[in-house]
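**Student:** Mind looking over this structure? Questions follow.
The values are calculated or read from the model by the stated rules, or taken from the named source; none is laboratory data. Computed from a prediction, not measured in an experiment: that's the story for all the values here. Note that each Cβ is placed from the backbone with ideal geometry, even for glycine, and that neighbours are counted across all protein chains shown. With ligands, DNA and RNA removed, areas are computed over all heavy atoms of the protein, side chains included. Shrake-Rupley method; radii C 1.70, N 1.55, O 1.52, S 1.80 Å.
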Amino acid sequence: MRLTRADLDGYRGRTLPDLVGTPTRLLFVGFNPGLRSVAVRAHFGGGSNRFYPALHAAGITDHRIDASAGFGPEDLRHLQERGIGITSLVGGATARADQLSGAELVAGAAALAARVAADPPAVVAILGITAYRSAFERPHAVLGPQADLLAGVPVRVVPNPSGLNRHASLADLAAAYREAAAAAGIEPFPPIG
């Protein structure tokens, strides 16, 4: 799907529904949806994001999902059957996560806590230490399991899969996501070649 910058700007502030499993065992939480993700109606629908390659490398999915043109029904079903959920701290789409204010992130954390309390997964995985530190006002937090629960649910902070995050390799992402999946009771597929 080809979209111009003007096309994408028309999606600014729009939202994307949560993807939830049946039941959700591992809830991944991003900053907020990107403009392209909202346009194609699929979380992490941008071309440079490493979320789905990392899920596959981690053994969470049995194939690499390509959401760049939206979810195929079989991919959506596979995520849901695996107990994978995806949501965002802030609902409104922006071109970049750094366009969000601290107040928006803090409000998003409170809204996330309410969603988690209403339908608790086994584990919540926040995608990015910067988002976690800002949204949950934990300036010294580090990656990994957190001492604080979210509505009674264990929280892990894992690396952000954005193509802009050069601190974490695909192998780093896969290892962290695999640990989160194991903590949520998701049996991994065998490692890829």
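**Student:** Compare the Cα positions of 61, 8, 88 along the charge dipole of segment 1-158 (+1 at Cβ of Lys, Arg; -1 at Cβ of Asp, Glu; about the Cα centre) and return the one farthest towards the positive end.
**Tutor:** Positive-most Cα among the choices belongs to 8.
**Student:** What stretch of the chain, leaving out the sites themselves, is the longest with no trypsin sites (Lys or Arg not before Pro) in a DSSP loop having at most 15 other Cβ atoms within 10 Å? Write out the running numbers ahead of the final one.
**Tutor:** On the way: sites that count: 2, 12, 14, 41, 64, 96, 166.
In the chain, the maximal stretch lacking such sites is 97-165.
**Student:** Can I ask one more? Using a 1.4 Å probe, what is the accessible area per residue for segment 91-165, in Å²? Present the calculation step by step, with values, prior to reporting the outcome.
**Tutor:** On the way: 3490 Å² over 75 residues.
Solvent-accessible surface per residue comes out at 46 Å².
**Student:** In 5 Å bins starting at 0, how do the alpha-carbon pair distances of segment 24-111 split up by percent?
**Tutor:** Taking every Cα pair in segment 24-111, the percentages come to 3, 14, 23, 25, 18, 11, 5, 0.
**Student:** What is the Å³ per residue value for the convex hull set by the Cα atoms of segment 146-193? Write down the numbers at each step before the final one.
**Tutor:** Values: hull volume 4.5 nm³, N = 48.
With only Cα atoms used, segment 146-193 gives 94 Å³ per residue.
**Student:** Report, in whole Å, the centroid distance computed from the Cα atoms of segment 95-129 and segment 56-74.
**Tutor:** Between the Cα centres of segment 95-129 and segment 56-74 lies a distance of 23 Å.
**Student:** So, one more: Tell me the label only: which of (i) 161; (ii) 109; (iii) 125 is volume of the Cα convex hull per residue in Å³ as calculated from this structure?
**Tutor:** (ii)
**Student:** When ligands, DNA and RNA are left out and all protein chains stay put, how many square angstrom of accessible area per residue does segment 16-84 have with a 1.4 Å probe?
**Tutor:** Numbers: 2560 Å² over 69 residues.
I get 37 Å² per residue for segment 16-84.
**Student:** Only sites in a loop by DSSP and with at most 12 other Cβ atoms within 10 Å count here; which chymotrypsin sites (Phe, Trp or Tyr not before Pro) in segment 96-193 make the cut? Please report the intermediate quantities before stating the final value.
**Tutor:** Values: sites: 132, 136, 177; in loops: 136.
Those that pass, being in a loop and sparsely packed, number zero.
**Student:** First measure r as the distance between the Cβ atoms of residue 69 and residue 99, then evaluate 1/(1 + (r/R0)^6) with R0 = 25 Å and state the FRET efficiency to the nearest 0.05. Please list the in-between numbers first.
**Tutor:** Details: r = 25 Å, r/R0 = 0.98.
So, using R0 = 25 Å, E works out to roughly 0.50.
**Student:** Give me the percent of DSSP beta bridges within the chain that run antiparallel, rounded to the nearest 5. If you can, show how the numbers build up before the last one.
**Tutor:** Working: 4 of 19 bridges.
Expressed as a percentage, antiparallel bridges in the chain total about 20.
**Student:** With unit charges on the beta carbons (Lys and Arg positive, Asp and Glu negative) and the dipole taken about the Cα centre of segment 11-106, which residue among 73, 19, 101 sits farthest to the positive side?
**Tutor:** 101
**Student:** In debye, nearest 20: dipole of the chain around its Cα centre with unit charges on the Cβ of K, R (+) and D, E (-)? Present the calculation step by step, with values, prior to reporting the outcome.
**Tutor:** Working: 18 positive and 16 negative charges, 75 e Å.
Value, rounded to 20: 360 debye.
**Student:** Can you send over the solvent-accessible area of residue 104, 1.4 Å probe, protein chains only, in Å² to the nearest 10?
**Tutor:** Counting only protein heavy atoms, the figure is 80 Å².
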